[in-house]
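**Q** First the structure, then my questions, so here it is.
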Amino acid sequence: MEAFFTVAAVWLALAVLSSVIAYHLKISIALVEICVGVLAAAAATRLGLFDALGTNEPWLKFLASSGAVLLTFLAGAELEPEVIRTKWKEVSVVGLIGFFAPFLGCTALAHWVLGWDGRASWLGGIALSTTSMAVVYAVMLETGFNRTEFGKGILGACFINDLGTVLALGLLFAPFTYRTVVFLALSIAVLSLLPRLTGLLTRLYAHRTAAIRTKWILLVLMGLGALACGREARRCSRLSRRDDPRRKRGAGHFLGQAPAHPHRGGSSPPSTSCARAPSSR
């Protein structure tokens with residue numbers, strides 16, 4: 001248990017150090033936190049203390065993912081439909097150029113200059129074409145641009161950019177099955193009901209000490225995250241069960257066949273890692 005507090009204390013100490021540095025250098029704290037995190041990881045690796053940072057701890061990954069989701073939600077909440085409607089041309093042009101220029105440029109560079117294969121090149125282009133609405137929103141919040149039409153237009157362009165990244169990643173790499181249709185249908189149903197349910201809960205229970213609005217927002221975000229991640233987890237689990245060598249050995253004994261032994265001329269069992277599982281089903 002004390003390891004949890006030690007890891008948390010280390011990360012909070014880095015966060016405090018980032019705040020002090022950002023104050024004296026007069027630059028965004030989000031950028032300083034990224035730089036301090038990179039330097040801390042490099043120093044820990046150099047000293048052989050990388051495990052002390054606890055980067056593989058599930059609870060730390062959950063906190064990091066939750067923070068990114070909440071910041072992205074807050075950034076989306078800053079988008080006013082009226083501003084987007086009046087500036088839709090500027091927002092669309094900036095967002096689309098911000099996506100397609102690095103996407104196509106990095107893909108071409110990776111394929112023809114670095115010699116990567118097709119799928120790796122496309123993936124590299126997608127990874128380098130996205131922008132972080134969470135970081136952009138944090139910078140806007142510090143500078144006060146989130147309250148201006150200019151800042152809201154930038155956030156809208158970031159939304160278009162991220163939307164292009166998600167669509168490209170889904171079209172190029174995600175397996176579209178009936179589960180995808182179910183996921184889209186449930187997402188549309190939930191998002192269409194959210195305004196009415198949120199208004200009802202706010203009207204009945206908002207002005208109390210229970211802070212139900214915060215709990216409701218967290219419930220919705222975590223529920224949508226579970227819906228999205230559950231689909232991928234089921235796919236990985238199914239692929240792992242299909243490629244499990246124990247299941248194949250059991251099937252061989254049931255059919256009266258001797259299982260192939262890897263040290264006697266048989267082939268080695270396939271990997272059960274979802275990341276290396278075949279995409280075709």
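Any read-out appearing in this document is the output of simple, stated calculations on the displayed coordinates, not a laboratory observation. None of these values were measured; they are calculated from a predicted model. Positions of Cβ are generated from backbone atoms using ideal geometry, with glycine treated the same way; all protein chains shown enter the neighbour counts.
**Q** Working out 0.36 nm times the residue gap between Ala15 and Ile188, then minus their Cα-Cα distance, what length gain in nm do you get to one decimal? Please report the intermediate quantities before stating the final value.
**A** Working: separation 173, 0.36 × 173 = 62.28 nm, distance 3.77 nm.
In short, 58.5 nm is gained.
**Q** For the pair Leu31/Leu163, report the inter-label distance in nm, with labels modelled 7 Å from Cα in the Cβ direction.
**A** Those two pseudo-labels are separated by 2.8 nm.
**Q** A further question on this structure: Would you kindly work out the equivalent ellipsoid of segment 1-56 from its C-alpha gyration tensor and give its semi-axes, the square roots of five times the eigenvalues, largest first in whole Å? Could the numbers behind the result be given before it?
**A** On the way: eigenvalues 99, 36, 11 Å².
Rounded to whole Å, the semi-axes are 22, 13, 7.
**Q** If you consider only alpha-carbon coordinates, what radius of gyration and Dmax does segment 59-174 have, in Å?
**A** Every Cα atom of segment 59-174 included, Rg and Dmax give 15.7, 46 Å.
**Q** Work out the FRET efficiency for Cys229 and Ala77 from their Cβ-Cβ distance, taking R0 = 22 Å, and round it to the nearest 0.05.
**A** 0.45
**Q** Right, something else. What is the extension gain from Val113 to Thr45, computed as 0.36 nm multiplied by their sequence separation minus the C-alpha to C-alpha distance, in nm to one decimal?
**A** 21.4 nm
**Q** So, one more: Tally Lys/Arg at +1 and Asp/Glu at -1 over every other residue whose Cβ is under 15 Å from the Cβ of Ser19; what's the total?
**A** After counting each charged neighbour, the total is -1.
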